[in-house]
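Here the structure is laid out as structure tokens; the discussion comes afterwards.
The values are calculated or read from the model by the stated rules, or taken from the named source; none is laboratory data. What you see is a predicted model; the values in this text were computed from it and never measured. Please note: Cβ atoms are built from the backbone with ideal geometry, for glycine as well, and neighbour counts cover all protein chains shown. Keep in mind that these areas ignore ligands, DNA and RNA; they rest on the heavy atoms of the full protein, side chains included. Shrake-Rupley method; radii C 1.70, N 1.55, O 1.52, S 1.80 Å.
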Amino acid sequence: MSSLTATIDGVERELAPGTTGADLFGERRDVVVMRVDGALWDLAREVPAGASVDAVTVSEPDGLMVLRHSTAHVLAQAVQAVNPDAKLGVGPPIENGFYYDFDVETPFTPEDLKALEKAMQRIVKEGQAFVRREVTRDEALAELAHEPFKCELLTQDTAGAEGASVEIGDGDITIYDNVRRGGEVAWKDLCRGPHVPSTRVLQNGWSLMRSAAAYWKGSEKNPQLQRVYGTAWPSKEELTAYKERLAEAERRDHRKLGAEMDLFSFPDEIGSGLAVFHPKGGVIRMEMEEYSRRRHIEEGYEFVYTPHATKAQLFQTSGHLDWYADGMYPPMQMDEERDAAGNITKQGQDYYLKPMNCPMHNLIFGARGRSYRELPLRLFEFGTVYRNEKSGVVHGLTRARGFTQDDAHIYCTREQMKDELTTTLEFVLGLLKDYGLEDFYLELSTRNPEKSVGSDEIWEEATATLREVGLASGLELVPDPGGAAFYGPKISVQARDAIGRTWQMSTIQLDFNLPERFELEYTASDGSRQRPVMIHRALFGSIERFFAILTEHYAGQFPVWLAPVQVRAIPVAEPFNDYLGELVARLRAAGVRAELDASDERFPKKIRTASKEKIPFVLIAGGDDADANAVSFRYRDGSQDNQVPLDEAVARIVEAVTTKAQV
RNA sequence: GCUGGCAUGGCGCAAUGGGUAGCGCACCGCUCUUGUAAAGCGGGGGUUGCGGGUUCGAGUCCCGCUGCCAGCUCCA
């Protein structure tokens, strides 16, 4: 018998014909599939001659995806075991887990999920093998005639459809049989694979999370299926760690902290997505805005103010009413007059709440003749806008219906454009760092042909310029095809927070379009009239949203300069009230938000209260401190610094505020 | 907007299969008060998101609205 050669984990080896991945890697329990010339294969398949084969473990991203997808199959088998009428949608792996969509008569309840987990445990215990079988399209259609969604995937061009690539790859059509130890086929599914060798590999590292409706193929126009979400990990320990991360995110949730710390609320009386800031949240917001203002002055911005409402014509001119009327609050009709019979005697006027500030800034630019000497002209405003977000998407401060942008529009010449974008990006990153965010990457959103205006040349120039500037920053630049606004491409700054989540922060958008629509012009040095280029940029995006992100980033433990109460002075007993009262007065004179707890509560209770309020500096004084003309510091983590001389204590606190220190 | 779930004093929760709303924290008062996350006693506060309906009787059942939560779709 002849043999074949293959490269196994980088080493060229002679193999007997028919050698499978299982033969090669079967000993290693963490190996779930193999990579054959770059493609992922089931371990049960035979290694082809001349191939380069590597083991893929469950701990690496590809292996984990296989594990998660295999878990989705076990879920689907369990669902059809419990409910044979359930029709299968798709079941791809996703970040942290997987889902599978089903067409069922009645949606899943939490009790259903528990029952499904039980059924899944049985399947895992049975140690069913995942067996790959190549079929023709006609065979697959015949075998899966009772699965309408699978048939649709088989017969339609599925390019781009959500999750569909899991079912059908580029190559052969395959069906995976789940085979019990006795050889009996327990279940089967149309699937590209690959899979883990046995359901046993899943162990107890998975869990069902929730169920929800999802549109078939991700389109609002299609019927909704019932989706079951699960999570899957290589081990029980990693599953537990993941659940702990979720719990941590919940503890940091700004909606929860906002109520607990008395920062803001959403009164039902005002309406969905419209926040009010309470005094403590107000302090944080004021500090955020104050610092931003100062930096904008230093960067050469000029400050403008514009109203919240406008006649319809303005947004007709800008094009927003054509593109985004649905996202705007409905118009308010003004000034219409009727006679007794109800006939209109005076034509009215529609007014809208503004969903953006740019058209108003354009009017300021156009209010008089502009010279090239004024450019770049940078107009800044904390502009409050209103957007009629769909009821299901409103989410705390991160997705509100009324919010305030730290919005600016820069008008410049084409020649200035690149430098201006570069300094703007530097400004953005520097400012975000001052607020405590450190870890960034960039996203370049390019044109969506279905939703855009302007010529190809203009889009290409704008996109190329943004790309150059982005690459020059040295940060990772991730493409986001089709993600641009209708008037121009954008770069957005993504920031990672303290627990590793990424948030879209600042956006810088290039716009050749609105200057055209508003017929903006400046006089060039040669006396000719030229059209300026416009840069839209927001650093926080929305103050409310940035507020939420900082709250979650810091888990409510704001750095001193932002903390609503910076110092709480707590006497060990009443006789020391005056002693600490004087210190508090000194701190206040130095601009520190300090207060004395002179209440009738006992000492331990006061410590507890200050701790729950997450106050950065708790100053304690009793006999020992007073004798030494000193005070004791207690920090949020419970650590302590005793008997610090009063002068030093004041200096230390003032410095923590001015340096934006976290303590 | 769609699917599902939820809605009880400021907050967190309780109220057997429909029978006239309880608890903790917070709040107010009194007593106490010398070293690190809750002193003791007493008190006030809700008609159960809003509007209809079923019933002798509804926080508990039904319908509509509002709001919230999760996911989907969307996010200039």
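Points to keep in mind about this one:
- Test: A:VAL478 is at pLDDT below 95, more than 15 Å from RNA strand B (Cβ to nearest atom), at negative phi and crowded, with 20+ Cβ neighbours inside 10 Å: no
- Filter result (under 16 Å from A:VAL565 (Cα atoms) and either in a helix (DSSP H, G or I) or open to solvent by less than 40 Å² (accessible area, probe 1.4 Å) (or both)) within segment A:273-294: A:PRO279, A:LYS280, A:GLY281, A:GLY282, A:VAL283, A:ILE284, A:ARG285, A:MET286, A:GLU287, A:MET288
- Across segment A:39-98, the number of residues qualifying as within 24 Å of A:ASP9 (Cα to Cα) and part of a strand (DSSP E or B) comes to 10.
- Among the residues of segment A:566-593, those identified as closer than 12 Å to A:VAL657 by Cα and either open to solvent by less than 10 Å² (accessible area, probe 1.4 Å) or not small (Gly, Ala, Ser) (or both) are A:GLN566, A:VAL567, A:LEU587, A:VAL592, A:ARG593.
- Residue among A:GLU111, A:GLU14, A:GLU27, A:GLU105 that is assigned to a strand (DSSP E or B) and open to solvent by 20 Å² or more (accessible area, probe 1.4 Å): A:GLU14
- In segment A:210-225, the qualifying residues are those that are among the polar types (S, T, N, Q) and in contact with a helix residue (DSSP H, G or I) (Cβ under 8 Å, 6 or more places away or on another chain), and the one that is surrounded by the fewest Cβ atoms within 10 Å (Cβ to Cβ) is A:ASN222.
- Hey, A:ASP326 part of a helix (DSSP H, G or I), surrounded by fewer than 13 Cβ atoms within 10 Å (Cβ to Cβ) and within 16 Å of RNA strand B (Cβ to nearest atom) or not: yes
- Test: residue in segment A:618-627 that is more than 6 Å from RNA strand B (Cβ to nearest atom) and loosely packed, with under 15 Cβ neighbours inside 10 Å: yes
- Note on segment A:365-392: among residues that are within 19 Å of A:ARG293 (Cβ to Cβ), in contact with a His (Cβ under 9 Å, 6 or more places away or on another chain) and hydrophobic (A, V, I, L, M, F, W, C), the one that is nearest to RNA strand B (Cβ to nearest atom) is A:VAL385.
- Residues in segment A:242-272 that are more than 12 Å from RNA strand B (Cβ to nearest atom), open to solvent by 50 Å² or more (accessible area, probe 1.4 Å) and free of Cβ contacts under 8 Å to residues at least 24 places away in the same chain: A:GLU244 alone.
- Qualifying residue in segment A:516-524 (condition: out of contact with any Cys (no Cβ under 8 Å at 6 or more places or on another chain), open to solvent by less than 10 Å² (accessible area, probe 1.4 Å) and either more than 23 Å from A:THR463 (Cα to Cα) or not polar (S, T, N, Q) (or both)): yes
- Within segment A:193-204, residues that are open to solvent by 30 Å² or more (accessible area, probe 1.4 Å) have Cβ atoms under 8 Å from residues that are in a strand (DSSP E or B) in these pairs: A:PRO197/A:VAL32; A:PRO197/A:ALA129; A:PRO197/A:PHE130; A:VAL201/A:VAL32, counting only partners at least 6 apart in sequence or on another chain.
- Summed over segment A:597-612, residues that are more than 15 Å from A:GLN640 (Cβ to Cβ) and surrounded by fewer than 18 Cβ atoms within 10 Å (Cβ to Cβ) total 9.
- Hits in segment A:68-96 (condition: touching a His at 6+ places or on another chain (Cβ under 9 Å) and of a type outside the set (Ser, Thr, Tyr)): A:HIS69, A:HIS73, A:LYS87, A:GLY91, A:PRO92, A:PRO93
- Selection from segment A:368-391 of residues that are more than 21 Å from the chain's Cα centre (by Cα) and part of a loop (DSSP other than H, G, I, E, B): A:ARG368, A:GLY369, A:ARG370, A:LEU375, A:PRO376
- Residue pairs meeting the criteria (Cβ under 8 Å; at least 6 apart or on separate chains; first within 27 Å of A:LEU153 (Cα to Cα) and charged (D, E, K, R), in segment A:98-120; second in a helix (DSSP H, G or I) and within 10 Å of RNA strand B (Cβ to nearest atom)): A:ASP101/A:TRP216
- Some residue of segment A:338-357 being of a type in the set (Gly, Ala, Ser), under 24 Å from A:ALA275 (Cβ atoms) and modelled with pLDDT under 95: no
- Condition met for A:LYS236 (away from RNA strand B (no atom under 14 Å from the Cβ) and over 25 Å from A:THR398 (Cα atoms)): yes
- Of the residues making up segment A:182-228, those that are part of a loop (DSSP other than H, G, I, E, B), out of contact with any strand residue (DSSP E or B) (no Cβ under 8 Å at 6 or more places or on another chain) and more than 16 Å from RNA strand B (Cβ to nearest atom) are A:GLY182, A:GLY183, A:GLU184, A:GLN203, A:ASN204.
- When the strands (runs of 3 or more DSSP E) confined to segment A:455-555 are screened for residues that are within 19 Å of A:THR404 (Cα to Cα), those reaching at least 3 such residues are found at A:502-511, A:533-542.
- Just one of the numbered conditions (1) within 17 Å of A:ASP578 (Cβ to Cβ); (2) more than 9 Å from RNA strand B (Cβ to nearest atom) is not true of A:ALA661: (1).
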